[in-house]
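**Student:** First the structure, then my questions, so here it is.
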Amino acid sequence: MSGKARIWLFGDDVNTDLIIPGKYLDNYDPAHLAAHAMEGINKNFANDVSNGDIIVAGRNFGCGSSREQAVIALKHAGVEAVVAKSFARIFYRNAINLGFPVIVSGTASTVFKDGDSAVLDMDSGTLSSRDGAKVAAVEQIPAHVKTIVDAGGLVPYIKRRLGKN
Amino acid sequence: MIGYLVEIPFPAIRKVTLLSGVDQLCCTIRLASSFVILKYPHLVGAIVASRTFAEKVLGRASGNPKAEAGDVVEASPDLVMSHENTYLVNKSFSEFGLDRPWDPNRIVVVLDHRTPANSVQTASVHAQIRQLVKDYGIKRFFDAGEGICHQLLVEERLVRPGQLVLGTDSHTTTAGAVGSFATGIGATEMAGVWATGSLWLKVPETFKVELSGHLPKGVYAKDVALRLAAIVGPSGADYRCIEFDGSLVQDLPIAGRMVLCNMSMEMGAKAAIVVPDSVTKEWFRGNVPPVTAVVRSDPDADCERRIEVDVLRLSPVVAGPHKVEDSKSVDKFKDVRIDQAFIGTCTNGRLEDLIAAAQVLKGRKVSAECRLIVTPASRKVLADALDMGVVQTIVAAGGTLLPPGCGPCLGSHEGVLGPGEVCISSSNRNFQGRMGSEDAEIYLASPATVAASAVEGKIADPRRYLA
């Protein structure tokens with residue numbers, strides 16, 4: 001996981017109603033959900049986000065409902081990863097299960113500004129600006145969930161476990 | 001059976017509980033501590049470390065009785081529940097190429113979020129779910145109009161004390177009101193449980209909330225929960241199991257206990273229970289099989305955090321937009337005009353809630369400046385409220401009755417808010433845009449406060465309407 005990305009900076013307690021409002025949940029099409037990603041907090045996000053961009057946020061990202069569509073919306077909008085101080089637990093599990101990287105960093109949300117360009121390098125455990133002037137350490141994904149991430153999500157992971165691959 | 005509690009300076013065992021029947025040995029241990037254990041190693045088998053409720057339930061469900069907070073276990077749930085997102089669960093499940101879920105008898109499916117169907121798409125989803133429950137032999141299926149999933153799990157006694165319960169809804173924590181460890185997961189995760197019968201769970205730390213005092217007139221469990229949200233914050237109980245205890249909760253009926261466990265989700269809790277007691281056992285009276293035992297934390301089990309709150313001087317509480325933790329005494333919100341008042345949801349749509357609203361509304365009229373929407377949490381709640389004349393009082397006052405279900409709480413139908421509109425709601429979330437327009441405002445309060453506000457057309461203290 002490594003690439004150059006625009007940082008989209010958000011604060012604490014970004015809830016799932018902001019990530020994908022309930023009125024869009026009738027339609028399960030990922031493209032439809034992606035078209036309304038983060039609409040509750042930034043109406044331009046879905047239009048302006050590019051493949052590989054990274055969301056950096058404060059504490060408790062993804063709090064609120066268990067709607068998996070919150071992860072689907074971000075993933076299909078092209079977001080490469082969410083780097084936050086902490087995650088609400090159901091959002092975190094949903095992301096892991098859908099093979100969407102959610103990474104904890106105590107400092108990224110204070111080091112980076114919205115619109116910064118950055119490179120996420122899980123090997124070195126850093127999120128750093130292109131010129132190297134800004135660096136935030138990121139935590140590795142815990143071992144017990146990394147096996148699911150490495151498999152590409154829970155469905156391929158369980159398929160393997162069931163011997164269905 | 002818990003015998004004696006002793007402190008033993010033994011590196012592997014900080015606190016121990018001796019099983020009954022070892023009284024004399026217990027005295028010896030008190031005197032000689034770890035030396036005795038070393039001298040009589042056979043005793044160690046009779047000694048178990050003090051354990052929390054979460055450790056006991058997840059230890060049992062994972063076949064790992066030594067599981068401790070922080071351990072990751074592979075646990076098998078006793079009961080799982082999904083609502084309309086059963087559609088998403090099945091979408092992932094169908095990728096596994098299995099004929100049916102691991103145990104259809106442990107699966108509950110409820111249609112409640114968009115019922116009756118609000119769109120062609122929802123109608124199609126409902127139809128597919130009705131078919132798949134037949135195909136899989138899922139007997140515990142509750143179709144549109146039966147009620148809200150969290151209400152039905154408790155009301156129908158589907159959830160029992162000490163069980164591990166999973167639901168594809170964040171407010172699954174509500175079932176902790178009857179002493180179960182109940183937590184929310186996502187749809188794909190549930191598909192994995194349908195396939196394998198288990199999932200990984202980290203055994204949570206315990207967060208004790210001691211509530212003392214008696215509720216003053218016009219103050220309800222909801223007011224306590226909103227006050228707690230301000231004290232604990234939206235992530236203050238993250239990844240933890242809240243245990244409510246104290247003289248207040250011992251007085252609370254199951255309905256009030258459900259409010260506390262439901263709202264714990266808004267503090268980040270993984271699960272929440274009201275420590276089970278005689279009220280819990282009474283709830284299951286006559287049930288088959290009988291509830292003979294409940295699971296509780298040992299008295300000196302580790303708890304990571306503990307707070308005490310006395311509710312004696314608590315006033316009705318209102319949470320302002322757009323955060324649940326932005327809660328203050330109702331008098332701080334006077335003169336906030338409202339367009340809509342909503343009573344219902346998995347938080348406050350029970351019989352007790354409709355009765356509280358009717359006490360305020362009796363002989364009065366909803367203000368011409370606003371509308372009142374009432375959504376019973378289940379068909380049984382509706383039937384009981386009809387029997388008692390509660391529905392008649394609400395309708396006579398000018399309230400609009402909607403069918404049992406989630407109603408307008410999640411902004412998909414039946415009372416969606418337009419730009420600039422203000423709603424006071426008995427629900428659990430006032431997040432921006434939740435009930436419709438991002439430019440609308442949601443205030444949270446108890447059903448009595450919502451009813452009083454409906455009468456005045458602005459946020460109002462219910463105490464002046466209660467005899």
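**Student:** For residue B:456, indicate whether it is over 24 Å from the mean Cα position of the chain (by Cα), within 14 Å of chain A (Cβ to nearest Cβ), touching a residue at least 24 places away in the same chain (Cβ under 8 Å) and surrounded by fewer than 24 Cβ atoms within 10 Å (Cβ to Cβ).
**Tutor:** no
**Student:** For the structure I just gave you, tell me whether residue B:260 is in contact with a strand residue (DSSP E or B) (Cβ under 9 Å, 6 or more places away or on another chain) and buried (at least 24 other Cβ atoms within 10 Å of the Cβ).
**Tutor:** So residue B:260 passes the test.
**Student:** So which of B:327, B:278, B:297 is without any contact (Cβ under 8 Å) to a residue 24 or more places away in the chain and polar (S, T, N, Q)?
**Tutor:** B:278
**Student:** Out of the residues in the stretch A:99-128 that are among the hydroxyl-bearing types (Ser, Thr, Tyr) and closer than 15 Å to residue A:8 by Cβ, which is nearest to the other protein chains (Cβ to nearest Cβ)?
**Tutor:** This residue is A:109.
**Student:** Next up: Out of all the residues in the stretch B:263-279, which are more than 14 Å from chain A (Cβ to nearest Cβ) and either crowded, with 24+ Cβ neighbours inside 10 Å or not in a helix (DSSP H, G or I) (or both)?
**Tutor:** Once the filter is applied, which keeps residues that are more than 14 Å from chain A (Cβ to nearest Cβ) and either crowded, with 24+ Cβ neighbours inside 10 Å or not in a helix (DSSP H, G or I) (or both), the stretch B:263-279 yields B:273, B:274, B:275, B:276, B:277.
**Student:** So how many residues does the stretch A:80-93 have that are in contact (Cβ under 8 Å) with a residue 40 or more places away in the chain and β-branched (Val, Ile, Thr)?
**Tutor:** 1
**Student:** If you go through the stretch B:280-306, how many residues are part of a helix (DSSP H, G or I), surrounded by fewer than 18 Cβ atoms within 10 Å (Cβ to Cβ) and of a type outside the set (D, E, K, R)?
**Tutor:** So the count comes out to 0.
**Student:** Also: With respect to residue A:27, determine if the residue is within 11 Å of chain B (Cβ to nearest Cβ), under 25 Å from residue B:190 (Cβ atoms), surrounded by fewer than 20 Cβ atoms within 10 Å (Cβ to Cβ) and not aliphatic (A, V, I, L, M).
**Tutor:** yes
**Student:** Right, here's the next one. Given the criteria more than 10 Å from every other protein chain (Cβ to nearest Cβ) and touching a helix residue (DSSP H, G or I) at 6+ places or on another chain (Cβ under 8 Å), does residue B:89 qualify?
**Tutor:** Against the criterion (more than 10 Å from every other protein chain (Cβ to nearest Cβ) and touching a helix residue (DSSP H, G or I) at 6+ places or on another chain (Cβ under 8 Å)), residue B:89 does not qualify.
**Student:** What residue, of A:41, A:90, is among the aliphatic types (A, V, I, L, M), surrounded by fewer than 24 Cβ atoms within 10 Å (Cβ to Cβ) and within 14 Å of chain B (Cβ to nearest Cβ)?
**Tutor:** Only one candidate passes the filter, namely A:41.
**Student:** Quick check on residue A:12: is it acidic (Asp, Glu) and in contact (Cβ under 8 Å) with a residue 60 or more places away in the chain?
**Tutor:** Judged against the criteria, residue A:12 is a match.
**Student:** Further, regarding this structure: If residue A:75 passes every condition in (1) part of a helix (DSSP H, G or I); (2) touching a helix residue (DSSP H, G or I) at 6+ places or on another chain (Cβ under 6 Å) but one, which one does it miss?
**Tutor:** So residue A:75 meets the others, but not (2).
**Student:** Restricting to the stretch A:6-40, what's the tally of residues that are of a type in the set (Val, Ile, Thr), farther than 21 Å from residue A:111 by Cα and in a loop (DSSP other than H, G, I, E, B)?
**Tutor:** So the answer is 1.
**Student:** May I pose another question? Which residue is farthest from the other protein chains (Cβ to nearest Cβ), if the candidates are limited to the stretch B:431-453 and must be surrounded by fewer than 24 Cβ atoms within 10 Å (Cβ to Cβ) and among the polar types (S, T, N, Q)?
**Tutor:** B:437
Quick grid of which residues meet (1) within 14 Å of chain A (Cβ to nearest Cβ); (2) modelled with pLDDT of 95 or more; (3) more than 17 Å from the chain's Cα centre (by Cα); (4) not in a helix (DSSP H, G or I):
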| position | (1), (2), (3), (4) |
| --- | --- |
| B:158 | no, yes, no, yes |
| B:183 | yes, yes, no, yes |
| B:200 | yes, yes, yes, yes |
| B:209 | no, yes, no, yes |
| B:227 | no, yes, no, no |
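**Student:** I need the strands (runs of 3 or more DSSP E) fully contained in the stretch B:65-124, keeping only those with at least 1 residues that are under 25 Å from residue B:376 (Cα atoms) and within 24 Å of the chain's Cα centre (by Cα).
**Tutor:** B:79-82, B:107-110
**Student:** When the residues of the stretch B:229-257 are narrowed to those that are among the acidic types (Asp, Glu) and more than 14 Å from every other protein chain (Cβ to nearest Cβ), which ends up surrounded by the fewest Cβ atoms within 10 Å (Cβ to Cβ)?
**Tutor:** Here the residue is B:251.
**Student:** Which condition number in (1) within 15 Å of residue A:78 (Cα to Cα); (2) at pLDDT 95 or above is the one that residue A:12 fails?
**Tutor:** (1)
**Student:** Output the residue which, of all residues in the stretch A:44-70 that are charged (D, E, K, R) and under 25 Å from residue A:121 (Cα atoms), is nearest to the other protein chains (Cβ to nearest Cβ).
**Tutor:** A:59
**Student:** Now for a different question. Here is a check on your reading of the model: is residue B:453 modelled with pLDDT of 95 or more and under 25 Å from residue B:84 (Cα atoms)?
**Tutor:** no
**Student:** On to the next question. Return the residue satisfying two criteria in turn: it lies in the stretch B:411-430 and is crowded, with 24+ Cβ neighbours inside 10 Å and either hydrophobic (A, V, I, L, M, F, W, C) or farther than 22 Å from residue A:66 by Cβ (or both), and of such residues it is nearest to the other protein chains (Cβ to nearest Cβ).
**Tutor:** Among those that are crowded, with 24+ Cβ neighbours inside 10 Å and either hydrophobic (A, V, I, L, M, F, W, C) or farther than 22 Å from residue A:66 by Cβ (or both), it is B:417.
**Student:** Test residue B:173 against the stated conditions and say whether it is polar (S, T, N, Q), facing another protein chain (nearest Cβ under 9 Å) and surrounded by 24 or more Cβ atoms within 10 Å (Cβ to Cβ).
**Tutor:** Judged against the criteria, residue B:173 is not a match.
**Student:** Let me ask something else. Select from the stretch A:1-24 the residues that are within 14 Å of another protein chain (Cβ to nearest Cβ) and among the hydrophobic types (A, V, I, L, M, F, W, C) and list them in ascending order.
**Tutor:** A:10, A:14, A:18, A:19, A:20, listed by residue number.
**Student:** For the stretch B:341-369, give me each residue that is of a type in the set (Asp, Glu) and not in a loop (DSSP other than H, G, I, E, B).
**Tutor:** B:352, B:353
**Student:** Still on this structure: Restricting attention to the stretch B:92-119, and to residues there that are closer than 14 Å to residue B:192 by Cβ and polar (S, T, N, Q), which single residue is farthest from the other protein chains (Cβ to nearest Cβ)?
**Tutor:** B:94
**Student:** Would you check if residue B:352 is modelled with pLDDT of 95 or more, among the charged types (D, E, K, R) and either under 21 Å from the mean Cα position of the chain (by Cα) or over 19 Å from residue B:464 (Cβ atoms) (or both)?
**Tutor:** yes
**Student:** Specify which of the listed residues (B:48, B:44) is in a strand (DSSP E or B), modelled with pLDDT under 95, of a type outside the set (Gly, Ala, Ser) and surrounded by fewer than 24 Cβ atoms within 10 Å (Cβ to Cβ).
**Tutor:** B:48
The values are calculated or read from the model by the stated rules, or taken from the named source; none is laboratory data. Quick caveat, the model's predicted, so the values are computed rather than measured. Cβ atoms come from the backbone with ideal geometry, glycine included; neighbour counts cover every protein chain shown.
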